[in-house]
Ligand code: IMP
């Protein structure tokens, strides 16, 4: 089985991607690979940050790896928080980030937003990228306790529940990460077929 390092310290992301990949590929988390670093995200775009993460791990290990960077893009806020989603109000404090988002949207009718994921794959030293988008709306108050990040205030188009009110299987029917992962898996599967 093809094994590949996932350059993230976010356990939720590892679980979500494993639930999509099932047994087709063996995903090795940074922890399992014995790598304990905080990978920098210094750039202004998801694409550059995703590349930075996979390049960093490739330079360290010389092994095939991938990373992903995700942002919540809110139309009425000029696509903010976007690349700064994790540190919008406070570094990785989901409650504070949600509070700031709802405050900034207070009184604004246009609640349209999208999650956008970019996966960067480093395979035999060459980089490939895959994008996944999930459109939806931001609620006026949080609901649900599953998931992470902005899940409690995001309702994907085609549902009346927030991501945080869904099981992982339900979230995967809509999710940005699932869409990007599906493209990435298809690419690896096609490649394996050619071996
Ligand atoms: P990063 O890709 O780790 O930089 O993630 C950016 C931030 O976006 C995370 O800290 C979360 O706040 C948010 N985020 C990423 N993916 C999701 C998701 O699937 N649901 C809700 N929030 C997410």
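The values are calculated or read from the model by the stated rules, or taken from the named source; none is laboratory data. A quick note: this is a predicted structure, and the numbers were derived from the prediction, not measured. Note: ideal-geometry Cβ built from the backbone for every residue, glycine included; neighbour counts use all protein chains shown.
Okay, here's what the table says:
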| quantity | calculated |
| --- | --- |
| Among (1) surrounded by 15 or more Cβ atoms within 10 Å (Cβ to Cβ); (2) at pLDDT below 95; (3) more than 13 Å from the ligand (Cβ to nearest atom), the one test that residue 125 misses | (1) |
| Selection count, the range 106-143, where residues are free of Cβ contacts under 8 Å to residues at least 60 places away in the same chain, closer than 19 Å to residue 160 by Cβ and in contact with a strand residue (DSSP E or B) (Cβ under 7 Å, 6 or more places away or on another chain) | 8 |
| Selection count where residues are over 14 Å from the mean Cα position of the chain (by Cα), modelled with pLDDT of 90 or more and surrounded by 19 or more Cβ atoms within 10 Å (Cβ to Cβ), scope the range 166-195 | 1 |
| Any chance residue 72 is under 21 Å from residue 140 (Cβ atoms), part of a strand (DSSP E or B) and within 12 Å of the ligand (Cβ to nearest atom) | yes |
| From 16, 47, residue being within 13 Å of the ligand (Cβ to nearest atom) and at pLDDT 95 or above | 47 |
| Unique match (being without any contact (Cβ under 8 Å) to a residue 12 or more places away in the chain, over 16 Å from the mean Cα position of the chain (by Cα) and either within 11 Å of the ligand (Cβ to nearest atom) or within 24 Å of residue 15 (Cα to Cα) (or both)) among 95, 78 | 95 |
| Failed item in (1) within 11 Å of the ligand (Cβ to nearest atom); (2) surrounded by 15 or more Cβ atoms within 10 Å (Cβ to Cβ); (3) farther than 30 Å from residue 23 by Cα, with residue 111 passing the rest | (1) |
| Criterion violated by residue 57 - all others in (1) more than 10 Å from the ligand (Cβ to nearest atom); (2) closer than 30 Å to residue 137 by Cβ; (3) in contact (Cβ under 8 Å) with a residue 40 or more places away in the chain; (4) crowded, with 17+ Cβ neighbours inside 10 Å satisfied | (2) |
| Qualifying positions in the range 151-187 - in contact with a strand residue (DSSP E or B) (Cβ under 6 Å, 6 or more places away or on another chain) and assigned to a helix (DSSP H, G or I) | 153, 163, 174, 176, 177, 179, 180, 183, 184 |
| Any hit, the range 3-15, residues being more than 26 Å from residue 135 (Cα to Cα) and surrounded by 14 or more Cβ atoms within 10 Å (Cβ to Cβ) | yes |
| Residues that are closer than 23 Å to residue 134 by Cβ and more than 8 Å from the ligand (Cβ to nearest atom), drawn from the range 60-69 | 66, 67 |
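A quick yes/no check of all residues on (1) over 17 Å from the mean Cα position of the chain (by Cα); (2) not in a strand (DSSP E or B):
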position	(1), (2)
89	yes, yes
103	yes, yes
109	yes, yes
119	no, no
127	yes, no
143	yes, yes
149	no, yes
